[in-house]
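Take a look at the structure below.
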Amino acid sequence: LRLCDGACLQKISAGDYNRKVDEAFKKRSIALWPYKGIVCIKEEKSQSSGTVFFINNWILINAFSYDGEFYEQLQYPLDSFDYDTYKILIRYMLSNSNKHSMTLLSSEEYKKQLEIMSYTYEDVVRLF
């Protein structure tokens, strides 16, 4: 596989190999999560429709599209860290021009939001 770059055959020293590994990881360093809670990002298509994303520790933990008062959970939220998603999130979230679309939530506030968004169109129709 040639992944050891010669270290496994003693063509380079373990120290040299470890320095190469450290350099490679420096290029992919991950910033510490700068928020004390879950961040909600609201992307509006219009005044009454759009998408809401919930992010915690650089992980997209939930997402909903909405139209009026009706929410639909999106199928792609992640349950683990993804470096490509991280690159998109950090660029977006650390930009001052996007701060207006972000809200910091406590765990309790996040749970309340999930309760509100868990009602589907079918749930509302059943109530009447």
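The values are calculated or read from the model by the stated rules, or taken from the named source; none is laboratory data. What you see is a predicted model, and the numbers here were worked out from it, not measured in a lab. Glycine gets a Cβ as well: all are built from the backbone with ideal geometry, and neighbour counts include every protein chain shown. Each accessible area value is taken on the protein alone, full model and side chains, heavy atoms only, with ligands, DNA and RNA left out. Shrake-Rupley method; radii C 1.70, N 1.55, O 1.52, S 1.80 Å.
Helix-only estimate, please: 222 nm mean residue ellipticity of the chain, summing -39500 (n - 2.57) across DSSP H runs of length 4 or more and dividing by its residues, to the nearest 500.
-10000 deg cm²/dmol
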Please calculate how many Å² of accessible area region 42-111 carries per residue, with a 1.4 Å probe and no DNA, RNA or ligand atoms counted.
65 Å²
May I ask you to derive the FRET efficiency for SER106 and ASN18 from their Cβ-Cβ distance with R0 = 35 Å, giving the value to the nearest 0.05?
0.25
Run the 1.4 Å probe and let me know the accessible area of THR85, rounded to the nearest 10 Å².
30 Å²
Of the lysine pairs in the chain, how many meet both conditions: Cα atoms under 18 Å apart, and a spacing of 8 or more in sequence or different chains?
11
Low-density loop positions, trypsin sites (Lys or Arg not before Pro), region 3-49 - DSSP coil, at most 10 other Cβ in 10 Å:
ARG28, LYS36
Loop-resident chymotrypsin sites (Phe, Trp or Tyr not before Pro) in region 1-92 with no more than 14 other Cβ atoms inside 10 Å, DSSP not H/G/I/E/B, are TYR35, PHE81
First compute the accessible area of the chain with a 1.4 Å probe, then give the percent of it belonging to carbon and sulfur atoms.
54 percent
Would you mind pulling out the separation of the Cα centroids of region 10-61 and region 68-100, in Å?
11 Å
Given 0.36 nm per residue, what is the gain on full extension from TYR35 to THR85 after removing their alpha carbon distance, in nm?
16.3 nm
In a Gaussian network model over the chain where Cα atoms closer than 10 Å are linked, find which of ASN57, ASN18, ASN96 has the largest mean-square fluctuation.
ASN18
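Count the net charge of all other residues whose Cβ sits under 9 Å from the Cβ of ILE59, scoring Lys and Arg as +1 and Asp and Glu as -1. Numbers along the way, then the final one.
Numbers: positive: none; negative: ASP79, ASP82.
My count for the surroundings of ILE59 gives -2.
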